[in-house]
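Notes follow the structure.
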Amino acid sequence: MTEPKDFIEFTDSQESAALSAFASELRQAHPGVELSPSFEIELADGLRNSWSWRGSIRQSPLLRIAASLLLLTALAVPVAAVVALLQTPDSDRPEIGFQMPTELLIDRESPQVPRVVPPSEPLGDDLLFDGAWALAIEQQNRFAQASASWQIRFLESPIAADLFKQRQTAVQALARRENNPAAVELFEQLESALQSGEYPTAFPCSSQELIDQLALAPDLAPFLAGWLWVMSAQVPPSGIDVDMSWPNAPWLAELP
Amino acid sequence: MANHAADLLERFRSGDREAFQTLVCEMGPRLKGFFLRQGAQAATAEDLTQDVFLRIYNSKTTYQATGRLDAYFFRIARNIWIDSRRKKRPVLLGDDQPDAIDSAPSPVEQVDLADRAAQLRQWVAELDPEAHELVELAVLQQLPYREISEILGIPVGTVKSRVFYTLRRLREQASAIDPNTPSEGSP
C-alpha cells in the first residue's frame, strides 16, 4: 500500500534520493501505535448499536418490503390526482348544471328614486379647492423652482461660495448707495426665504408694493424683480435687468 | 486491488466478521496514529477512530473503486478531526505521542537514535497545520499525491511541491544539528 516518492521534477537526483531517505527516516521516527485491547469489542458494540434506516433497510428484506409499500402509498395519492386531472370527460356522464326557468319573473314596479335635497346654503368662496388655494399652490411651485435654482447657483456649485460673497458685497454696496432701508429689508427677507427653501407663510409685501419698491430702488430692482414672478407670475417691468440668480424662471426667455 | 477494496468494504458494511477484523487490523492503528499526531489524547484518538469506522459503516457507498481504500479512510478521518475541532472536543497534546522503536543499535546508539527520532517528531509536530497534514498523508501514510490532492482539495502539483519544500526544510533543520542526516548522494 505504499507509493515510492521522488522529487526529480524539483531537484537533482542526489537531493531527491536524500529526501527519499530522509522521508523514510521520518517514517521510522513515527512508529506504529497499538489499539487498546478493548477497541475491537467496543467497535463491534458500536456497530451493532448504530441503527440507521439505511443500514436496516439494506439488511432486512422485510423492512425493504415495508418501506416500498409505504413509498407506494405515499406516491399513490398525487399520482391518482394527476391521472384524474388528465382523464378526458366521459360523454355519457350527465353534466352537472342548472336549468333556467322558461319564464322570467320580472318585477315591473319602478324603483324608488330618492329625492335629492339641494344644499340650503349656496357654495361660498371658502371651499377647499377654490381659486385662492390654486393660486397658493402655483405660488409655492414657483417659489420652489426659484429657491432650487438659487441654491444650485449659490450653495451647490464649485464656485458657489465666491458667487455668494460677490452677491452679498454687491447688494450691501447698492443698499448703502440706495439709502432705502425698506427695500434693503425686503431684499433680506426674500433672500433669506430663497436660501432656506422654506415657503414663507406670508410674503412681506404685496405684488403692488413690490412694483413700487422696484421703482423706488432701481439699484436693488434686479435682485427683487424675480419675486414678481414668484408672487404673481408677472414679468418685471421693462428696463430692469433681472439678476442672474433667476436662471430658470420661464419669463427670462421672454425678456428682450 | 480496487475491486478487492470495494468488496472488503461492502462485506464490512454487511456485517462480515472477517472483513471487520481485516479493516480494524489494517486501518485501526494507522488512524489512531493519525489522530494522535494531530494532537488528540489516546482515549480521544481511539474514540475518533471508532467514529471513522461507524461513519463508513453507516454511510452510503461513496468509495470510488478507482481510489485507494486507505485514502478513503483518511479522507473521512480528516473530516471527523475537523468536525471534532469545530465542536471543541477537548484534545490535549503531549504524553500520548508514540515513542520511537529501534531494533538493533547498542544502548548508547539507541539513546542517540531515540533522541534523534524524538527530535524529528518534535519538528514534524511543530510544522504549520497545512505542512503537517501533508507530511502526515504523503510521508507517514504514504498516500499517492493524487489522493492527497483530492482529500485536501488542492492541485496535485501543489501537493508535490509543498511536500518537497517541507521535507527539504526539515532535512536542512536536521542536518544543521546532526551530521548523520542522509546527505545528497547517500541513498
Förster radius 45 Å - calculated FRET efficiency between A:L70 and A:A144 (Cβ-Cβ, nearest 0.05):
0.05
List the relative contact order of segment B:2-86 as a percent without decimals, with contacts defined as Cα pairs under 8 Å and 6+ residues apart.
38 percent
Across every pair of different alpha-carbon atoms, what Kirkwood hydrodynamic radius in Å does segment B:107-177 reach?
13.0 Å
Size-normalised alpha-carbon gyration radius of segment B:2-86, reference 2.2 N^0.38 Å
1.04
Would you calculate the separation in nanometres between label points at B:A125 and A:N49, each defined as 7 Å from the Cα along the Cα-to-beta-carbon direction?
3.2 nm
Suppose all protein chains stay in the model; what accessible area per residue would a 1.4 Å probe give for segment B:107-177, in Å²?
47 Å²
Hz values of 3J(HN,Hα) by residue in segment B:40-52 - Karplus curve (6.51, -1.76, 1.60), Gly and Pro given as x:
7, 6, 4, 5, 5, 4, 5, 4, 5, 4, 5, 4, 4
Buried accessible area between B and A, both sides, 1.4 Å probe, in Å² rounded to 100, is 4700 Å²
For labels at A:I96 and A:E209 in the simple 7 Å Cα→Cβ model, what's the distance in nm?
8.1 nm
Under a Cβ-Cβ cut-off of 10 Å, what is the net charge of the residues other than A:P222 that fall near it, where Lys and Arg count +1 and Asp and Glu count -1?
-3
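The values are calculated or read from the model by the stated rules, or taken from the named source; none is laboratory data. Please read all numbers here as calculations on a predicted model, not as lab measurements. Every residue, glycine as well, gets a Cβ built from its backbone with ideal geometry; the counts of neighbours run over all protein chains shown. The protein model used for the area step is the full one, side chains on, heavy atoms only, and it has no ligands, DNA or RNA in it. Shrake-Rupley method; radii C 1.70, N 1.55, O 1.52, S 1.80 Å.
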